[in-house]
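Have a look at the structure below before the remarks.
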Amino acid sequence: MKKIPLIIISVALLMTGYCFAEQEVPQIFGKDLGVEIGFETSYITYTEPGVMRDEGFMYGVTGALAYRNYNYMLSIEARGSMGQVDYHSGSSGDMNNIDDNMWEARGLVGYDFEISETFAITPYFGLGYRHLNDNMGGMSSTTGAAGYDRKISYVYSPIGIDITTAFENGWNIKLRAEYDYFLDGTVESHMGSIPGYYDIENDQDGGHGARGSIMFKKRGETVDFIIEPFFRYWKIHDSKQTKDPGGSIWIEPKNNSKEFGINLALEY
């Protein structure tokens, strides 16, 4: 999989934003630069239909930097989480308390259509990278099957819309709906830790994702308080085939993941 320098791209987007002519920020947003720091918890389910299922709670931190100049919006979003999941398979048994960790970074560009002083619509697009470590190495299932570490990476393009409404009592509500266009993916299976097996890498090039959230923001004099329930979904097709040094053919089967959670944050 091609390694895309998201940090460089995102910083370039922000620098581009500062080149816009200085004009008033739409009143509904109130400020040209917002910094958000938060904590999120979620329940995630990863399924390979007819093969296996992982599920468990994740806990992590989030951060976002949003810059607005007149109607243009530029944003960098990042999150990292960790937790433990339980593995279930009809053929290879069960395995509990598997350590997982995940991180994601995104750069977004949008345009604010200010319908009124209290209502705005912001379509956006961008580039994202998601990475998951599934740490089963050294563990065994209830049937004696040996576990191994896996690293799963996605590169995708988010395409979405935000709908923001402001109320006189100091509350803002933002609805987000997003489609994630899957660009590329890689699954690294570190099976070389098991005698007779090899480390392999499968390329994924088909699938899509989607996510949605509803953000409740209470505006304060210096700090805004945010509560944001969210849902994230991925559906990935069968990977390309890979032949290991022993001549065996491997494929990463089609899969899907569902994540429900809530983010609690402060915006400065």
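Evaluate E = 1/(1 + (r/R0)^6) for H131 and E168, where r is the Cβ-Cβ distance and R0 equals 35 Å; express this FRET efficiency to the nearest 0.05.
0.25
Could you tell me the center-to-center distance, by alpha carbons, between segment 33-74 and segment 166-188 in angstrom?
9
Please identify the longest segment of the chain free of exposed GluC sites (Glu not before Pro), where exposed means a DSSP state other than H, G, I, E or B and no more than 12 other Cβ atoms within 10 Å.
Formally, the longest exposed-site-free interval is 25-116.
Quick check: with the 1.4 Å probe, what order do Y129, Y156, Y43 take by accessible area, largest first?
Y43, Y129, Y156
Evaluate the charge dipole of segment 155-268 about its Cα centre and quote only its size in Debye, nearest 20, assuming +1 on the Cβ of each Lys and Arg and -1 on the Cβ of each Asp and Glu.
440
To the nearest 0.05, what FRET efficiency results for S157 and S116 with a Förster distance of 35 Å applied to their C-beta separation?
In this case the efficiency is close to 0.70.
Kindly write out, for segment 38-49 in residue order, the coupling ³J(HN,Hα) from the Karplus curve 6.51 cos²θ - 1.76 cosθ + 1.60 (θ = phi - 60°), rounded to whole Hz, with x marking Gly and Pro.
x, 10, 10, 10, 8, 10, 10, 10, 10, 10, 10, x
Can you tell me the length gained on complete extension of the stretch F231 to Q84, counting 0.36 nm per residue apart and subtracting the Cα distance?
Additional length available on full extension: 51.0 nm.
Each residue of segment 101-111 in order: what ³J(HN,Hα) in whole Hz does its phi give by Karplus 6.51 cos²θ - 1.76 cosθ + 1.60, θ = phi - 60°, with x for Gly and Pro?
Taking θ as phi minus 60°, the curve returns 9, 8, 9, 8, 9, 9, x, 10, 10, x, 9 Hz for segment 101-111.
Which listed residue (P253, I173, I159) has the Cα farthest towards the positive end of the charge dipole for segment 144-268, taking +1 on Lys and Arg C-beta and -1 on Asp and Glu C-beta about the Cα centre?
It is I173.
Run lengths n ≥ 4 of DSSP H only: what is the helix-derived mean residue ellipticity at 222 nm for the chain, with -39500 (n - 2.57) per run over all residues, to the nearest 500?
-1500 deg cm²/dmol
Run the quick spin-label model on Y181 and F39: label points 7 Å from Cα toward the beta carbon, then report their separation in nm to one decimal.
Between Y181 and F39, the label points sit 3.8 nm apart.
Explain nothing, just the number: dipole magnitude of the chain about its Cα centre with +1 on each Lys and Arg Cβ and -1 on each Asp and Glu Cβ, in debye rounded to the nearest 20.
That gives the chain a dipole magnitude of about 220 debye.
Say a paramagnetic label sat at a point 7 Å from the Cα of A146, along Cα to Cβ; which residues of segment 173-215 have their backbone N under 13 Å from it?
190-199
The values are calculated or read from the model by the stated rules, or taken from the named source; none is laboratory data. Being a predicted model, the structure only gives us computed values, none of them experimental. Virtual Cβ from ideal backbone geometry, glycine too; neighbours counted across all protein chains shown. Heavy atoms of the whole protein, side chains included, go into the accessibility calculation; ligands, DNA and RNA do not. Shrake-Rupley method; radii C 1.70, N 1.55, O 1.52, S 1.80 Å.
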